[in-house]
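For reference, the structure is listed below as structure tokens.
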Amino acid sequence: MTDGAWSATRPGRTLRQVATHCPYCALQCGMVLREDDTGVTVHPRQFPTNRGGLCQKGWTAAELLDHPERLTTPLVRDSATGALRPASWDVALDRIVDGIRAVQDDAGRDAVAVFGGGGLTNEKAYALGKFARIGLRTRHIDYNGRFCMSSAAAAGMRAFGIDRGLPFPLSDLGRADTLLLVGANPAETMPPLVRWLTEQRSNGGQLIVVDPRVTATARQADLHLQPLPGTDLAVANALLHIALTEGWVDRAYVADRTSGFAAVRRGVAAWWPARAEQLSGVPVADLEATARALGTGGRVIILTARGAEQHAKGVDTVSAYVNLALALGLPGRDGSGYGCLTGQGNGQGGREHGQKADQLPGYRRIDDPVAREHVAGVWGVPADELPGPGVPAYQLLDSLGTPDGPRALLVFGSNPVISAPRAARIESRLRDLDLLVVADLLLSETAALADVVLPTAQWAEEDGTMTNLEGRVLRRRALRPPPADVRTDLAIISALAARLATAEATAAGAGDTTTTEATGTDATGTSTTGTGTGGTDATGTGAGVEPGIALPGAVAAARFPADPAAVFAELRRASAGGAADYAGISWARIDADDGVYWPCPTEDGPDTPRLFADRFATPDGRARFHPVDHRPAAEEVSAAYPLHFTTGRVLAQYQSGTQTRRVAALRRAAGEAFVELHPDLAARLGVDDGDPVRVTSRRGELCAPARLSAGIRPDTVFAPFHYAGAGRANSVTNDAVDPISGMPEFKICAVRVEKA
């Protein structure tokens, strides 16, 4: 069976099998894990997103479960030698709690910060946000998804009143007559999605790709627009200009379902195609052909991704493509629409339930009094005790260890030493902290700097839920328990909450402050360990704690259960009535179907595979146009830095590479950094293929072998961002941020290149 867990014992062999999902990208491909005495193997399964396909990363995902570099015990930095040494959980947790209390006693609650990740399950993201707000009582929490989806999310919220990456099922791509991909390279970032692109073209559809490079996706396109990095907004305005001129705007839709079009129409009047060509380099003929395909196609979909979004004007760039989609009457029309391709595994769910700086569960705003009252009621605290909004990720990281910034940081599921822009500066900030704690499964570059490193369970060793790029909530199922001295993130949060409460009560002289270790089982029977009574009600709010007995550690642990089923039950209550409403989603309902789409407010009511059929999630039900105009990159080329630099991903690596750089097959396929240059540029520099080159910006440099390609513009160089050391691309990138979303400008800065 593949719809749950199965185990059996046969003579000489123990067999276990579970249906789950890939640990990597937001496609969340379905797979079956099988374990016997020889190890764990991966088998693809027929699931709607991947339809039996997996990429090389998915096929090799199980290799990390027993990897020799896996962390299997806590590590604590030796004050005498400066080295990380194995330690017990008691020693490690005490070191953390003592450090937290020291900095908060000296500098206040906000002296401690939390940094999460877009790969954490919904349960962990929810618990982490709750822990920051009522366990640590700090306003400082954000996550690495700020570097991924924040610009598209902000643009979606201001246009539609809701942020769901794809407001329609992925299968709609295969039916599109015209599909426009802007800054997206799914052939390398999520290869099984290409099946939908192939189906779309085999059905007679036209695929158009906007990308500065001739990527694997662009090579499959019917038309490839190759603009200068940072000019996507101008291209979008020119496309809308042409649509207006040619009469392709759906005026009835605009009148009936939108507001604000007049200002946008006036703004794009100045973006005649020849002007856009002069700025972007995209020929007028290609702009006209693209506008015609969009304006005359029956089913039309526009998708953006990081190439368009990771800019200091990312929100406005996405808004320009949303304006185009609205003008053509696409959102809410069957088989048509606008969407963005979410990147990280839980990049959608991870931005919905409270680990963002300005957010409470259910996609509520933390500065909304009604939202604060609701969530505080679920958490059992007064609303006025909840802290206010924090600051976006880069601003948070850049303030660490400074006089006005946090002096302690807890990191879960992230590696900012590699993933943050201006990475050398952020690495220095991390070194300046009084206390750095990292929970991870491997010793990442960030963990290597930590004072305490906590070993965490892997994806195949824990239960929970993920929300994929469609807004489909899925079940992650455990194949086996983690190693004996490894804990889940939920168990770590529970233990920290209990010890902090006990320490505070002891300092205040309050009652019996006994802390107890409790063990229990999660929904699959996997053993869980936390600190506290182990008694939680069906919502995980702690009804098992006997009234009238002061056991601060036990009460805190009950508020932060280690059981993911209890956490999800509480998440449902906390999200109820919010934009991302999970109240009607249960694990049983997910198991009965191929996932459940939010919003889903009632258990016996329908979920929502498609949004916007009748109205948008705005007060008046209308989508909102926003006039936006092109502006230059935050940093323009000069005589000293004459080239444009951009970054991206490669097929065999993922994000900061903490996991994929340790898988032998992936290391063989893409084991080192490189710098992609056009042959004409290489000839001017005297560089041959494979020569080491140095790329220098105003912030730092990277050194890596040259890779010559006629598929990149001669004025642009590219490097993947997965690698550490001298090849770290984010040593070079610009830390200028979008004023609305806080998204850094990863995709363009000015550099010079020379033979190293």
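The values are calculated or read from the model by the stated rules, or taken from the named source; none is laboratory data. Bear in mind that the values here come from a model prediction, so they are computed numbers and not experimental data. As a convention, Cβ positions derive from the backbone with ideal geometry for all residues, glycine included, and neighbour counts pool all protein chains shown. To get the accessible areas, we keep the full protein, side chains included, count just its heavy atoms, and leave off ligands, DNA and RNA. Shrake-Rupley method; radii C 1.70, N 1.55, O 1.52, S 1.80 Å.
Computed from point charges on the beta carbon alone (+1 for Lys and Arg, -1 for Asp and Glu), the dipole magnitude for region 17-169 about its Cα centre is near 720 Debye. Within region 666-752, the trypsin sites (Lys or Arg not before Pro) that combine a DSSP coil assignment with at most 15 other C-beta atoms in a 10 angstrom radius are R698.
Can you classify region 37-176 as rounded, prolate or oblate using the Cα gyration tensor, where a ≥ b ≥ c are the square roots of its eigenvalues, rounded means a/c under 1.5, and otherwise it's prolate if a/b beats b/c and oblate if not? The shape class here is oblate. Summary of packing: across the peptides 333-341, 591-599, 315-323, 139-147, the per-residue average of other C-beta atoms within 10 Å ranks them, highest first, as 315-323, 139-147, 333-341, 591-599.
Compared with the direct C-alpha span, the chain from A710 to D384 gains 111.4 nm at full extension, assuming 0.36 nm per residue.
Across H626, H644, the residue with the most accessible area heads the list, and the full order at a 1.4 Å probe is H626, H644.
With all protein chains in place and a 1.4 Å probe, the accessible surface of region 212-312 carries 50 percent carbon and sulfur.
Near V91, once Lys and Arg are set to +1 and Asp and Glu to -1 for all other residues with Cβ below 14 Å from its Cβ, the sum equals -2.
Values of log10 I(q)/I(0) for the chain across q = 0.05, 0.09 Å⁻¹ run -0.24, -0.79, by the Debye formula with one identical scatterer at each alpha carbon and no solvent.
Expressed as a whole percent, the accessible area of region 567-715 that falls on carbon and sulfur atoms is 49 (1.4 Å probe). About its Cα centre, the dipole of region 81-169 is roughly 280 debye, where the only charges are +1 on Lys and Arg Cβ and -1 on Asp and Glu Cβ.
Simple rule: put +1 on each Lys or Arg Cβ and -1 on each Asp or Glu Cβ in the chain, find the dipole, and look at V637, P68, S399; the Cα lying farthest toward the positive end is V637. Report note on the peptides 654-664, 346-356, 80-90: ranked by the mean count of other C-beta atoms within 10 Å, highest first, their order is 346-356, 654-664, 80-90. Helix screen, the chain: DSSP H segments with Cα axial length of 24 Å or more and mean Kyte-Doolittle hydropathy at least 0.0 are 489-508.
Take every Cα pair under 8 Å whose residues are at least 6 apart in sequence, average their separation, divide by the length of the chain, and the relative contact order is 17 percent. In this rough spin-label picture, where each label sits 7 Å from Cα along the Cβ direction, the S638-H43 distance is 6.1 nm. Remark: the chain carries 33 Å² of accessible area per residue (probe radius 1.4 Å; ligands, DNA and RNA excluded). Protection proxy ranking of 416-427, 230-241, 192-203, 55-66, by the mean of other Cβ atoms within 10 Å over each peptide's residues and highest first, is 230-241, 416-427, 55-66, 192-203.
What shape does region 192-262 take by its C-alpha gyration tensor, where a ≥ b ≥ c are the square roots of the eigenvalues and a/c under 1.5 counts as rounded, a/b above b/c as prolate, and the rest as oblate? It is oblate, given that a/c is not under 1.5 and a/b is not larger than b/c. Taking each DSSP H run with n ≥ 4 as -39500 (n - 2.57) and averaging over every residue of the chain yields -8000 deg cm²/dmol at 222 nm.
Working from label points 7 Å from Cα in the Cα-to-Cβ sense, the R275 to D66 distance is 6.5 nm. For region 569-611, the Cα-based Rg and Dmax, in that order, read 9.4, 26 Å.
Using only side-chain charges placed at the Cβ, +1 for Lys and Arg and -1 for Asp and Glu, the dipole size of the chain relative to its Cα centre rounds to 1200 debye.
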